[in-house]
Amino acid sequence: MRLLKDKENNFQPFYVSLTDISREGQDYQASSTPAKGAGNLLEKYSYLVQNIMSFDKQINSDDSLLSISQNLKLALKRIIPVKECNLFLFDESRASLIPFDKVMNQPFTSMVNNVYKEGILDWIFENAKPALIPEVNNFTVSGPKFNYLFYPIFENKKRIGLLAILSTISKFDNSDFEFQSIQLILNLCLARIEKITLKENLNTVYSELQTYQAKLRNDFRLSAIGELTEGIVEDIKTPLQVILSYSDLLGKNETESKAANMIKDQVRKINALVNRLIKFSNINEEKINIYPCDINAVINEYYQLVKSSMENAGIECVLDFEKEIPPVLSHQTWLFQLLSNIFSIIKSNCAGGGGLIIQSRYAAEMIVIKIINTANITINSSDTNQSAKSPNVNFRIIENIMKSHEGEFRVESFYKNSSVIELRFPLRRKNRK
C-alpha cells in the first residue's frame, strides 16, 4: 500500500491514495478533474478490504476448522466466481494431496491429484507463485469453460499444500488487487488454522502430561511399597518360621494335630502372599528389558494378589485361559500396570457385587485378553473416546502401555450394565523396544 504526501509534507488519507492510484495511466485535462471511473475503483477496493476484514473477524471467533474452511469459500466467492475450492495438504509420503474439507465432492479432489501426478503442480511450486491452469475436460472451441487457480503453500521453504479454486475466470495477473486479496485471505486462514492446531497439540501434550504424572505417582507408590516390603519382609518371615517351628511341637493327639496342620496351612498362605507382594512391587530396575512372558501365569499371579480385595467388594472372578498359547513380548511390570489400572476401573465402577470372566485366546497372530463384566459393573466406552477432553487417567495409562506393545485397547458396553474390556497383543512387532 502506497501513501501520498501533500505540499505540506503531510500523509493523505487512505481513500485519497486509492483515488490517486486509480488515476494513474489515464488521460485527464486538469488535476482538479477526477478520472472517469475513479469512484467505481475506489468502491471496488473498499469492498475488497471490507471482505478481508470481515473474514478475519469471522475466523478469529471460530475454533472449528470445518467452519473456517466454509468461511474461506464464502470469502473467495465474494472476489471471483468460484465453482469449487478447497485447501489441500500433502500426506506423509507426499504421494497425494488430502482435502482439508473432506465432505466436498470427490471428482474435484481426484482432478487436483491427477494434476499433481502429471507434474504440473511441481512447476507451480518451483516458481512459488499462483498460476492459472485450464480445465481440459470442459474444453470448447472458444476455450476452456473453467480454469484452475492454484496458490502454493509453503512452511519454512517446504511445500505443504495448496489452495485450489475452480473458476470461470480466463485471465490472471498476480499484481491485481483481487488476486492479492485472495493471497491475504489465504494467509489469514492459514495463520488461524495453525493457531488452532497448535492449541489442540498443546491440549494433547497437557493431557499426556497428566497421564504420565499419574503413571509416575503410580510407579512411585509401587516403588514405595517395594522399599517398605524390603524393610519389613524379614520382620514378617521370622515370626512365621517361629510359628511353624512351634507348630511341630503340637500333635500329641488328634485335636492338636489338626490345629497344627491348620496353623501350617495359614502360615504358608501368608508366606505366599508376602512373596507375591515382593514380586509385584519390585519395579526398581534401572532398565527394563522385554522378554517373552506367559500372560496366563502373569494374570493368575496378579489375581491371587487381588483376590481378597475383589471378594471383599463382592466381585466374583472366573479365569478362562486357553492352554499353551504363545508368550507375549513384554515385561511383567508393564503387564502388572495394565492389570492394576483395569481392576481399578472395575472397582470404581462397581455398584456392589457382580462378576468377572477373564479370558485368554490366541487367534490371527494375536493374543486376546477379554475381561467380561457382568451386571452391576458399568464401564462406558465413551470414557475412552472423550479422554482427550476430560482424560480418565486409568484409560490413558492403559492406552499408552498398549501402544508400546503395538496393540489395541477396546471397551464395548452392552445391555444391563455389562461390558467387555479387550486387550489385543500382536505377536509380530515392528519395533522391538
Six or more apart or on different chains, Cβ under 7 Å: which pairs go from a residue in segment 192-212 that's in the same structural domain as residue 52 (by TED's automatic domain parsing) to one that's exposed (fewer than 15 other Cβ atoms within 10 Å of the Cβ)? Could you list them? none
Within the bounds of segment 191-203, is there any residue that is under 24 Å from residue 95 (Cβ atoms), outside any strand (DSSP E or B), of a type in the set (Ser, Thr, Tyr) and at pLDDT below 90? yes
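Residue by residue, here is whether (1) surrounded by 13 or more Cβ atoms within 10 Å (Cβ to Cβ); (2) polar (S, T, N, Q); (3) over 27 Å from residue 66 (Cβ atoms); (4) more than 34 Å from the chain's Cα centre (by Cα) holds:
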position	(1), (2), (3), (4)
114	no, yes, no, no
131	yes, no, yes, yes
137	no, yes, yes, yes
144	yes, no, yes, yes
147	yes, yes, no, yes
165	yes, no, no, no
172	yes, no, yes, yes
197	no, yes, no, no
Hey, could you check segment 81-112 for residues that are in a strand (DSSP E or B) and surrounded by fewer than 17 Cβ atoms within 10 Å (Cβ to Cβ) and say which is farthest from the chain's Cα centre (by Cα)? 83
Cross-chain or 6+ apart pairs with Cβ under 6 Å, segment 303-315 first and of a type in the set (A, V, I, L, M, F, W, C), then part of a loop (DSSP other than H, G, I, E, B): 315/354
Name the single residue that is surrounded by the most Cβ atoms within 10 Å (Cβ to Cβ) among those in segment 50-62 being without any contact (Cβ under 8 Å) to a residue 24 or more places away in the chain and in a helix (DSSP H, G or I). 58
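Residue by residue, here is whether (1) touching a helix residue (DSSP H, G or I) at 6+ places or on another chain (Cβ under 7 Å); (2) within 16 Å of residue 121 (Cα to Cα) holds:
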{"site": "158", "(1), (2)": "no, yes"}
{"site": "161", "(1), (2)": "no, yes"}
{"site": "164", "(1), (2)": "yes, yes"}
{"site": "170", "(1), (2)": "no, no"}
{"site": "183", "(1), (2)": "no, no"}
Can you pull out every residue in segment 275-323 that is β-branched (Val, Ile, Thr) and at pLDDT below 70? 278, 283, 288
Starting from residues that are assigned to a strand (DSSP E or B) and in contact with an Asp or Glu (Cβ under 7 Å, 6 or more places away or on another chain), keep the ones in segment 142-186 and report whichever is farthest from residue 47 (Cα to Cα). 144
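The values are calculated or read from the model by the stated rules, or taken from the named source; none is laboratory data. Model, not experiment: these values are computed from the prediction. Please note: Cβ atoms are built from the backbone with ideal geometry, for glycine as well, and neighbour counts cover all protein chains shown.
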